[in-house]
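All remarks here apply to the structure that follows.
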Amino acid sequence: MSLGTVRILGTGTSHGVPMIGCHCDVCRSPDSRDRRSRASIYIALSDGTRLLVDTTPDLRMQALTYGIERVDAILFTHCHADHVMGLDEVRRFNVLQGAAVPCYGDGPTMVELRRTFAYVFDAADEGGGIPKISLNPVDGPFTIGAQTIVPVPVLHGRRLILGYRLGAFAYLTDCSAIPDESWPLLEGLDTLVIDALRHRPHRSHFTVAGALAAIARLAPRRALLTHICHDLAHEATGAALPPGVELAYDGLTLEI
């Protein structure tokens, strides 16, 4: 039975692809799959619930491009700029839905969101309008609608952040290592979307080889690589991946 669908809204790094002022082959590529907005996904559950993972600086254009008109809740992986700086766009969903949008994440992320977006929580600062949100720290499985969501702690460099599992689907962006205690949370996956920045080592992201090693251990039926920099051309990189593994691209829709 289908849990729903996942739309890959963005598959790029903090710079996006193409990068400003870069003239490499990938940044100038005519292949639309080499154009990568900042990493995010949109989950449409079969019970009608609509979930957004992260609010990237590209959220407005992602929503317009893919016809997103409802967000029932936002799951935050962490508070780096490329994952939160589109939060103000939530104002439009407030208007469309006539309600505040609950946001979920670990405790440090909730604290950082409150600090980064202080104007949202300052009752005296109405300005041109503020997003109506509620912050909900999580430290274990929680439920939205009829769906249980399992936070999966992963390492992003030295920092512990969250990936998320829904049913047999898991999303692990900005991941450089999986702690011992998180491997059991990822057993029995059908579909895994996982960080694979580039081939060269990076202190806070999996390389392609690192992601492939994690995929081999978890053995999902299908695995997709995301948070991809301009080092990796879609067609050439995809051709070298093992069966069952592919490069994700902006706009790809998965049934989960």
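Here, each number is a calculation from the coordinates, and none is a lab measurement. Keep in mind that what you see is a predicted model, and the values were worked out from it rather than measured. When we count neighbours, we look across all protein chains shown, and the Cβ atoms used for this are built from the backbone with ideal geometry, even at glycine.
Which FRET efficiency value, to the nearest 0.05, do you get for Arg60 and Ala219 by plugging their Cβ-Cβ distance into 1/(1 + (r/R0)^6) with R0 = 51 Å?
For R0 = 51 Å, the calculated efficiency reads 0.85.
With all pairs of different alpha carbon atoms counted, what Kirkwood hydrodynamic radius in Å does region 12-110 show?
So the Kirkwood estimate lands at 14.5 Å.
As I understand it, the value is the acute angle between the Cα axis of helix 208-218 and the longest principal axis of the Cα atoms of the chain; what does it come to in degrees, rounded to 10?
80 degrees
Quick one: if you stick a label point 7 Å off each Cα along the C-beta vector at His23 and Thr253, how many nm between them?
Result: 3.9 nm between the two label points.
Work out, step by step, the length gained on full extension between Ala168 and Ala118: first 0.36 nm times the residue separation, then minus their alpha carbon distance; give nm to one decimal.
So the extension gain works out to 14.4 nm.
For region 112-256, what does the relative contact order come out to in percent, with C-alpha contacts under 8 Å and a separation of six or more?
15 percent.
Report, for the chain, the % of DSSP beta bridges that are antiparallel, rounded to 5.
55 percent
Each label point is 7 Å from the Cα along the Cα-to-Cβ direction; what then is the distance between the points at Arg159 and His202, in nm?
1.4 nm
Where does helix 107-116 land angle-wise versus the long Cα axis of the chain, in degrees 0 to 90, nearest 10?
The answer is roughly 70 degrees.
How much length, in nm to one decimal, is gained on full extension between Met1 and Ala209, taken as 0.36 nm per residue of separation minus their Cα-Cα distance?
71.6 nm
Where both residues lie in region 105-237, what percent of DSSP beta bridges are antiparallel, nearest 5?
Here the antiparallel bridges make up roughly 60 percent for region 105-237.
Could you give the length gained on full extension between Trp183 and Phe142, defined as 0.36 nm per residue of separation minus the Cα-Cα distance, in nm?
Answer, rounded to one decimal: 12.9 nm.
Roughly how many Å is it from the Cα centre of region 144-169 to that of region 29-55, as a whole number?
16 Å
Please list 75-81, 1-7 highest first by mean number of surrounding beta-carbon atoms within 10 Å per residue.
75-81, 1-7
Under a crude label model (7 Å from the Cα following the beta-carbon direction), how far is Thr49 from Asp31 in nanometres?
Here the modelled spin labels are 3.7 nm apart.
Could you work out the relative contact order of the chain, using alpha carbon pairs under 8 angstrom and six or more residues apart, expressed as a whole percent?
Once divided by the residue count of the chain, the mean separation gives 20 percent.
With only Lys, Arg, Asp and Glu charged, each at its Cβ (+1 for the first two, -1 for the last two), find how big the charge dipole of the chain is about the Cα centre; round to the nearest 20 debye.
240 debye
Mind putting together the pair-distance distribution for region 161-219? All Cα pairs, 5 Å bins, whole percent per bin, short to long.
Over region 161-219, the share of Cα pairs per 5 Å bin runs 4, 19, 33, 27, 13, 4, 0 percent.
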